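The values are calculated or read from the model by the stated rules, or taken from the named source; none is laboratory data. What you are looking at is a predicted structure, and each value in this text was computed from that prediction instead of being measured. Glycine gets a Cβ as well: all are built from the backbone with ideal geometry, and neighbour counts include every protein chain shown. Just the protein is used for accessible areas: all its heavy atoms, side chains included, with ligands, DNA and RNA removed. Shrake-Rupley method; radii C 1.70, N 1.55, O 1.52, S 1.80 Å.
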Amino acid sequence: MNLRKLTSTAVRGKRVLVRVDFNVPLDKDGSKVTVSDDTRLKATLDTIHFLQEEGSRIILISHLGRPKGEVVPELSLEPIAKYLHEKLNLPVSFVPDCGGKATLEAVKNQQPGEILLLENLRFYPEEKANDEEFAKKLASLADVYVNEAFSSAHRSHTSIVGIPKFLPSFAGFALATEVRTLTKLISKPKKPFIVILGGAKISDKVGALKYLTDLADIVLIGGAIANNFLSAEGFEIYRSFVEESSTKMDADYVEVARSLIEEHKTDRILKDNYIPLPKLLYPIDVVAAPELSTTNKADAKIIDLSHDMADTNESVQLQYLDIGPKTRQLYIELIANAGTIFWNGPMGVWENELFSEGTKAIAKAITETNAYTVLGGGDTISAANHFHVEHKFTYVSAAGGAALKFLSGKMLPGILPLLEK
Ligand code: ADP
Ligand code: MG
């Protein structure tokens, strides 16, 4: 995939409209709003500094939250402009509309190297509607468009797909790195390529699960997602969480798990040439308890799924909340030999210490390999942070849904206009 690169020739002395993703978590203390995690802001700094050095006039546009096409004062980008100015030392001015009178006035007075942050794109219903007039209006503010919002590249919104129709369009540095990293996973991963999927929402992950299972040498399943596989294989899962299909259009995920097991049951793991395990693995034991919020150690029981469980009155109450010690051991041994690892989704309810061992052990095992390691998923990143291993991954993708869609083998609508013709 050949992205159009950001170069001096493209931007020197020009007006540059940059789509960023400043959809960051905010802390509210009365009327005071502050940024509680600036990862996404910092990710745009390389591009912004480059544009400043080239003497560009920089206009930043972003969404924040879900204001549904209306002005919602709590979702204003003003506190973010303040943060960029005060904490990241950028000459940023906030503009209280997006393409309106205030914008035209600010753009007219803008000096080279100066930065404008326009108000929340999603205060305008035209943003989600991919409205052509809105696209033209925003495009008319600049000479060049840069997309530095990979995490929004799966959305066919005005600021992602509309504006590039009217301006020469380029890939921001962070977007280009993300595309390069994810492309490497699916095109030429160093083998064995191990995919580890967990977490709660299989609906978000089913595309990537199917696509990556084809490409990987080993797929290790954990978290609540594993319950679909256990159920498909006829194990009793009691009150364990399985995501319900929410609409008629949705697949039945236990059925999806069943067909994946069926499809790959003769694919064998590539380890020491051959060991007789199927490439798609799910837990052989679990940690279970009646409630995920329990703090009583005695409530957490290890259930060995290779033995039949007695159907006692007590077991009826159980939920499977983590992978068990045997599963941990098996997964760790396989991970140790990996050439490439992609991990998305915690192995259990790691927020509760009683069900955190699986996630902790897997995080540690991954970061102790010499493999090329990519971590994705909001809660997985929080878990890695919690266990102090985040910095030990080769790459951490904060792009969530966009990354999963890319790893489903799909061309993202926001990437298409950035490709070299
Ligand atoms: P990510 O944000 O990394 O993509 P998800 O949002 O899919 O991950 O899922 C993360 C959540 O899944 C965690 O907060 C965790 O508590 C929950 N989870 C993991 N395993 C289980 C389980 N066995 N039962 C219920 N919830 C689980
Ligand atoms: Mg999540």
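Would you check if Ala226 is within 11 Å of ligand 1 (Cβ to nearest atom) and either among the β-branched types (Val, Ile, Thr) or more than 16 Å from the chain's Cα centre (by Cα) (or both)? So that I can check it myself, show each step before the final result.
Details: within 11 Å of ligand 1 (Cβ to nearest atom): yes; either among the β-branched types (Val, Ile, Thr) or more than 16 Å from the chain's Cα centre (by Cα) (or both): yes.
Criteria met by Ala226.
As an exercise: evaluate Glu178 against (1) under 30 Å from His264 (Cβ atoms); (2) within 15 Å of the chain's Cα centre (by Cα); (3) open to solvent by 20 Å² or more (accessible area, probe 1.4 Å) and give the number of the one condition it does not meet.
(3)
For the stretch 384-417, which residues satisfy the criterion of being in contact with a Gly (Cβ under 9 Å, 6 or more places away or on another chain), hydrophobic (A, V, I, L, M, F, W, C) and assigned to a helix (DSSP H, G or I)?
Ala402, Ala403, Leu404
With the requirement that a residue be within 14 Å of ligand 2 (Cβ to nearest atom) and open to solvent by 10 Å² or more (accessible area, probe 1.4 Å), what does the stretch 387-398 give you?
Taking the stretch 387-398 first, the residues within 14 Å of ligand 2 (Cβ to nearest atom) are 397-398.
Matches in the stretch 387-398: Ala398 only.
Check Phe241 against each of (1) within 16 Å of ligand 1 (Cβ to nearest atom); (2) open to solvent by less than 40 Å² (accessible area, probe 1.4 Å) and name the one condition it does not meet.
Unmet for Phe241, out of (1) within 16 Å of ligand 1 (Cβ to nearest atom); (2) open to solvent by less than 40 Å² (accessible area, probe 1.4 Å): (2).
Would you pick out the residues in the stretch 156-175 that are open to solvent by 10 Å² or more (accessible area, probe 1.4 Å) and in contact with a helix residue (DSSP H, G or I) (Cβ under 8 Å, 6 or more places away or on another chain)?
We begin by selecting, within the stretch 156-175, every residue open to solvent by 10 Å² or more (accessible area, probe 1.4 Å); these are 156-157, 161, 164-168, 170, 173-174.
Of everything in the stretch 156-175, those that are open to solvent by 10 Å² or more (accessible area, probe 1.4 Å) and in contact with a helix residue (DSSP H, G or I) (Cβ under 8 Å, 6 or more places away or on another chain) turn out to be His157, Val161, Pro164, Lys165, Phe166, Leu167, Pro168, Phe170, Phe173, Ala174.
Within the group Asp29, Asp21, Asp37, which residue is within 30 Å of Ile186 (Cα to Cα) and without any contact (Cβ under 8 Å) to a residue 24 or more places away in the chain?
On the way: Asp29 fails: within 30 Å of Ile186 (Cα to Cα); Asp21 fails: without any contact (Cβ under 8 Å) to a residue 24 or more places away in the chain.
The match here is Asp37.
Scan the stretch 190-201 and report the pairs whose first residue is closer than 19 Å to Glu351 by Cβ and whose second residue is within 6 Å of ligand 1 (Cβ to nearest atom) and in a strand (DSSP E or B), with Cβ atoms within less than 7 Å and a gap of 6+ or a chain change.
From residues that are closer than 19 Å to Glu351 by Cβ, the pairs are Leu197/Asn344; Gly199/Asn344.
Counting only residues that are without any contact (Cβ under 8 Å) to a residue 40 or more places away in the chain, give me the strands (runs of 3 or more DSSP E) lying completely in the stretch 52-142 with at least 2 of them. Outline the logic, then answer.
Working: elements: 57-61, 92-95, 115-118.
So the answer is 92-95.
Among the residues of the stretch 179-234, which ones are part of a helix (DSSP H, G or I) and charged (D, E, K, R)? Walk me through how you get there before you give the answer.
Narrowing the stretch 179-234 to residues part of a helix (DSSP H, G or I): 179-187, 202-215, 225-232.
Those that are part of a helix (DSSP H, G or I) and charged (D, E, K, R): Arg180, Lys184, Asp204, Lys205, Lys210, Asp214.
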